[in-house]
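These notes are about the structure you will find just below.
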Amino acid sequence: MSVLVVGSVAFDAIETPFGKTDKIIGGAATFIALAASYFTKKINLISVVGGDFPKDKIALMQRKGINTEGLQIKENEKSFFWAGRYYNDLNTRDTLITELNVLANFDPIVPPSYQDCQFLMLGNLTPTIQRTVIERLHRRPRLIVMDTMNFWIQTAYEELLKTLKLVDVLSINDEEARMLSGEYSLVKAAKKILSLGPKVLVVKKGEHGALLFKEHRVFFAPALPLEEVFDPTGAGDSFAGGFIGYLAKTNDVSFENMKRAVLFGSAMASFCVQKFGTEALLDISDYQLNERVRQFVDLMQLEGEI
């Protein structure tokens with residue numbers, strides 16, 4: 001099943017307690033597409049970069065099975081750039097630089113060859129752009145998953161509400177869930193958010209795992225304790241890529257299968273954080289992926305009687 005990924009392809013500069021990078025490849029769509037490529041080779045990308053974006057990195061994505069026909073290249077402009085500094089807990093960060101550049105006037109074009117997508121993953125962008133992509137598809141995909149962030153909740157709330165009515169699954173972190181709903185309890189927050197349009201809500205809790213909500217059903221997946229965590233940038237997008245990639249591979253959007261997708265998404269996120277940028281997503285074997293998922297399953301099992 002084909003997956004359409006929409007989001008930023010960009011440059012990041014990261015500083016954590018464990019190291020510092022110059023400009024490296026990042027962007028929501030980059031992480032999503034790379035993570036999803038381990039599950040399906042039918043990935044179509046919609047994004048925009050400047051003439052400064054390395055052609056060899058585009059070729060790398062193509063080798064991973066990512067169709068870049070929908071990647072606009074503005075030769076005389078610069079790519080989106082974000083720089084951030086993380087503190088010791090790796091949950092707290094400061095944004096040092098945000099340069100929208102080509103994203104400032106991004107008009108997402110859907111090539112005719114993308115029109116048959118069954119799964120749509122809307123990475124973090126303005127709610128208006130996300131909605132525009134949905135409206136430009138001639139046929140509604142089987143499943144639409146959307147990510148957003150606190151910035152859009154604060155600055156584009158009404159546009160966000162319009163877009164939420166059109167999606168099936170919303171994926172956000174716990175802070176964003178509380179901000180969007182006005183509720184501290186995540187159970188109450190989920191109930192309110194699901195009333196806004198999405199049928200399913202994924203709440204990412206970083207090192208504390210992830211929650212999956214649908215109607216009265218709740219599923220919790222723990223996070224995997226890791227010896228080394230270098231860079232949390234892109235972890236949520238890697239989760240999203242693993243999540244929708246697994247659903248596309250299995251062609252099953254039931255709640256039971258979404259539980260499995262959460263585990264595969266969590267596995268991809270756990271790989272992502274072990275190196276800077278996208279590096280850890282470039283060479284994962286089937287054995288490594290399945291072993292990582294098995295470790296998550298083992299965390300959830302309890303033997304013997306209570």
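Looking for something assigned to a helix (DSSP H, G or I), modelled with pLDDT of 95 or more, within 24 Å of L45 (Cβ to Cβ) and among the aromatic types (F, W, Y) - is there at least one such residue anywhere in segment 262-273? So far as segment 262-273 goes, yes, one or more of its residues are assigned to a helix (DSSP H, G or I), modelled with pLDDT of 95 or more, within 24 Å of L45 (Cβ to Cβ) and among the aromatic types (F, W, Y). Among the residues making up segment 156-206, those that are farther than 22 Å from G265 by Cα and hydroxyl-bearing (S, T, Y) are Y157, T163, S181, Y184, S185, S195.
Among the conditions (1) under 10 Å from the mean Cα position of the chain (by Cα); (2) within 19 Å of R142 (Cα to Cα), the only one that A28 does not satisfy is (2).
For segment 134-150, the candidate set comprises residues that are of a type in the set (A, V, I, L, M, F, W, C) and surrounded by fewer than 21 Cβ atoms within 10 Å (Cβ to Cβ); within that set, the residue that is farthest from the chain's Cα centre (by Cα) is L137. Go through (1) more than 24 Å from V169 (Cβ to Cβ); (2) in contact with a Pro (Cβ under 8 Å, 6 or more places away or on another chain); (3) part of a helix (DSSP H, G or I) for N88 and report which single condition fails. Only one criterion is unmet by N88, namely (3).
Does Q118 count as modelled with pLDDT of 95 or more, closer than 30 Å to R142 by Cα and touching a Phe, Trp or Tyr at 6+ places or on another chain (Cβ under 9 Å)?
Values: modelled with pLDDT of 95 or more: yes; closer than 30 Å to R142 by Cα: yes; touching a Phe, Trp or Tyr at 6+ places or on another chain (Cβ under 9 Å): no.
For Q118, the condition - modelled with pLDDT of 95 or more, closer than 30 Å to R142 by Cα and touching a Phe, Trp or Tyr at 6+ places or on another chain (Cβ under 9 Å) - is not met.
If I filter segment 240-255 for residues that are closer than 30 Å to L96 by Cα, modelled with pLDDT of 95 or more, small (G, A, S) and in contact with an Asp or Glu (Cβ under 7 Å, 6 or more places away or on another chain), do I get at least one hit? Among the residues of segment 240-255, at least one is closer than 30 Å to L96 by Cα, modelled with pLDDT of 95 or more, small (G, A, S) and in contact with an Asp or Glu (Cβ under 7 Å, 6 or more places away or on another chain), which makes the answer yes.
Return the residue satisfying two criteria in turn: it lies in segment 1-42 and is β-branched (V, I, T) and assigned to a helix (DSSP H, G or I), and of such residues it is surrounded by the most Cβ atoms within 10 Å (Cβ to Cβ). It comes out as I32.
Here P108 does not qualify as assigned to a loop (DSSP other than H, G, I, E, B), under 17 Å from G241 (Cβ atoms), modelled with pLDDT of 95 or more and out of contact with any Lys or Arg (no Cβ under 7 Å at 6 or more places or on another chain).
Here are the criteria: (1) touching a helix residue (DSSP H, G or I) at 6+ places or on another chain (Cβ under 7 Å); (2) closer than 12 Å to I46 by Cα; (3) acidic (D, E). Tell me which single one E77 does not satisfy. Failed condition: (2).
Go through (1) outside any helix (DSSP H, G or I); (2) touching a residue at least 24 places away in the same chain (Cβ under 8 Å); (3) more than 30 Å from A10 (Cβ to Cβ) for P232 and report which single condition fails. Going through (1) outside any helix (DSSP H, G or I); (2) touching a residue at least 24 places away in the same chain (Cβ under 8 Å); (3) more than 30 Å from A10 (Cβ to Cβ) one by one, P232 breaks only (3). Evaluating V49 against the criteria (1) under 24 Å from M268 (Cα atoms); (2) buried (at least 20 other Cβ atoms within 10 Å of the Cβ) leaves one unmet condition, (1). For segment 236-287, residues that are surrounded by 23 or more Cβ atoms within 10 Å (Cβ to Cβ), without any contact (Cβ under 8 Å) to a residue 60 or more places away in the chain and of a type in the set (S, T, N, Q) total 2.
Screening segment 157-221 for helices (runs of 4 or more DSSP H) wholly inside it with 2 or more residues that are more than 20 Å from I144 (Cβ to Cβ) returns the ranges 174-181, 186-194. Tallying residues that are among the charged types (D, E, K, R), more than 20 Å from the chain's Cα centre (by Cα) and more than 25 Å from L90 (Cα to Cα) within segment 184-241 yields 5. For L125, only one of the following conditions fails: (1) touching a Gly at 6+ places or on another chain (Cβ under 7 Å); (2) at pLDDT below 95; (3) among the hydrophobic types (A, V, I, L, M, F, W, C); (4) surrounded by 14 or more Cβ atoms within 10 Å (Cβ to Cβ). What is its number? The number of the failed condition is (2).
The values are calculated or read from the model by the stated rules, or taken from the named source; none is laboratory data. Source: prediction; values computed, not measured. Counting neighbours? That spans all protein chains shown, and the Cβs are built from the backbone with ideal geometry, glycine included.
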